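First comes the structure, then the notes that go with it.
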Amino acid sequence: MSLLVVGSVAFDNVETPFGKAERALGGSALYFSTSASYFTDVSLVAVVGEDFPEEATEFLHSRGVDTRGLQRTKGETFCWKGKYGFDLNEAVTLDTQLNVFGDFHPELPADYCKSTHVFLANIDPELQLEVLKQIENPEFVALDTMNFWIESKRDALIEIISKVDMVLINETEARQLADDPNIVKAAQTVLAMGPKYVVIKRGEYGALLFCEDDEPFFAPAYPLEAVFDPTGAGDTFAGGLLGFLSNNAEVTPEKLRQAMVLGGVMASFCVQEFSFNNLRDLSDDKIAKRFERFEKLVRFNCLES
């Protein structure tokens, strides 16, 4: 089994009510690959500029992430600036500098094209289509998207959605994509576009899984005393979910539910510090213990008749 992620690597300037971070390492591909690396081998495709620190690449290598697909080109790395209020589910974008990411056209190393599992992170759906055409015979493909692509490239987005197995999307964007305020109906509309699974991300309230042939499943968010920075939590969630699934021969309802909870586990670690700092030195034991606490959090006995 092999897991490929194609997305962004960036510098983030983030301010929350609990502090700020300047030029912190971020981007969907970095959060995803760091999270997934605790469960499987990951190959990363992204682009950075001349200002990207070598220390970050060395860290990815230390996690076993294959970075041959990380293109370094002349110019500056993608940079995002955002601010959160006390509602940490919504970020206000203050500035976006695409820089080298603006001309990004993913070219996969030959062996990457044989990847069994693929995550198309939140990038232009036309680029997602470009990537998928290069993959020879994937077993499982998931994608993420956002409101900007729903508004500006809806046709391309619907085309790529029809070709993947799973769509991960937040609840506001699900309603926008489906043009339906009811989240259950919206998920059913997205399922009708072609994927087998739709994951609705609900931030601090957890995530919902909808399947074409099974009952929905709800994974709560882990209750935390302190949340500092939600940036990258969705991609960290996806990394835990896909990292676990890619290490299993068969996608079953039970495995999907375990994967959803593991995604929540990884996201809960992510938000406890700025950037991906709290994901750097996790142990298998620490992940397993939080997974067990998740299980206790939702365990209950059925009513007796």
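Would it be correct to say that residue 242 is touching a residue at least 24 places away in the same chain (Cβ under 8 Å), buried (at least 21 other Cβ atoms within 10 Å of the Cβ) and closer than 23 Å to residue 277 by Cα?
Values: touching a residue at least 24 places away in the same chain (Cβ under 8 Å): yes; buried (at least 21 other Cβ atoms within 10 Å of the Cβ): yes; closer than 23 Å to residue 277 by Cα: yes.
So residue 242 passes the test.
For a quick check of your reading: which helices (runs of 4 or more DSSP H) sit entirely within the range 203-305 and have at least 2 residues that are touching a Phe, Trp or Tyr at 6+ places or on another chain (Cβ under 6 Å) and under 21 Å from residue 138 (Cβ atoms)?
So the answer is 233-245, 253-270.
Picking from 164, 198, which residue would you name as being under 18 Å from the mean Cα position of the chain (by Cα), at pLDDT 95 or above and in a strand (DSSP E or B)?
Step by step, each of 164, 198 is checked, and only 198 is under 18 Å from the mean Cα position of the chain (by Cα), at pLDDT 95 or above and in a strand (DSSP E or B).
Would you kindly identify the strands (runs of 3 or more DSSP E) lying entirely within the range 79-127 that contain at least 3 residues that are in contact with a helix residue (DSSP H, G or I) (Cβ under 8 Å, 6 or more places away or on another chain), surrounded by 12 or more Cβ atoms within 10 Å (Cβ to Cβ) and of a type outside the set (Lys, Arg)? Give the steps one after another, and end with the answer.
Working: elements: 79-84, 91-97, 117-120.
Answer list for the range 79-127: 117-120.
Looking only at the range 255-305, count every residue that is in contact (Cβ under 8 Å) with a residue 40 or more places away in the chain and within 22 Å of the chain's Cα centre (by Cα) and tell me the total. Walk me through how you get there before you give the answer.
From the range 255-305, those in contact (Cβ under 8 Å) with a residue 40 or more places away in the chain are 256-257, 260-268, 270-276, 279-280, 282, 284, 287, 290, 293-294, 297-298; that's our starting set.
Okay, now just the ones that are also within 22 Å of the chain's Cα centre (by Cα), so 256-257, 260-268, 270-276, 279-280, 282, 284, 287, 290, 294.
Counting residues in the range 255-305 that are in contact (Cβ under 8 Å) with a residue 40 or more places away in the chain and within 22 Å of the chain's Cα centre (by Cα) gives 25.
Which condition number does residue 73 fail, the rest of (1) among the β-branched types (Val, Ile, Thr); (2) free of Cβ contacts under 8 Å to residues at least 60 places away in the same chain; (3) out of contact with any helix residue (DSSP H, G or I) (no Cβ under 9 Å at 6 or more places or on another chain) being met?
For residue 73, the exception is condition (3).
In this structure, does residue 224 turn out to be of a type in the set (A, V, I, L, M, F, W, C), crowded, with 16+ Cβ neighbours inside 10 Å and at negative phi?
no
Please work out which residue is farthest from the chain's Cα centre (by Cα), limiting yourself to the range 9-43 and to residues that are of a type in the set (Gly, Ala, Ser) and crowded, with 24+ Cβ neighbours inside 10 Å.
10
Check off (1) modelled with pLDDT of 95 or more; (2) surrounded by fewer than 18 Cβ atoms within 10 Å (Cβ to Cβ); (3) not hydrophobic (A, V, I, L, M, F, W, C) for residue 214 and give me the number that stays unchecked.
Only one criterion in (1) modelled with pLDDT of 95 or more; (2) surrounded by fewer than 18 Cβ atoms within 10 Å (Cβ to Cβ); (3) not hydrophobic (A, V, I, L, M, F, W, C) is unmet by residue 214, namely (1).
Taking the range 141-164 as the search range and keeping residues that are among the acidic types (Asp, Glu) and surrounded by 16 or more Cβ atoms within 10 Å (Cβ to Cβ), which one is nearest to residue 118 (Cα to Cα)? Outline the logic, then answer.
Filtering the range 141-164 for residues among the acidic types (Asp, Glu) gives 144, 151, 155, 159.
Still in the running and surrounded by 16 or more Cβ atoms within 10 Å (Cβ to Cβ): 144, 159.
Working: 144: 11, 159: 17 Å.
Here the residue is 144.
The values are calculated or read from the model by the stated rules, or taken from the named source; none is laboratory data. All of these numbers come straight from a predicted model, not from anything done at the bench. Positions of Cβ are generated from backbone atoms using ideal geometry, with glycine treated the same way; all protein chains shown enter the neighbour counts.
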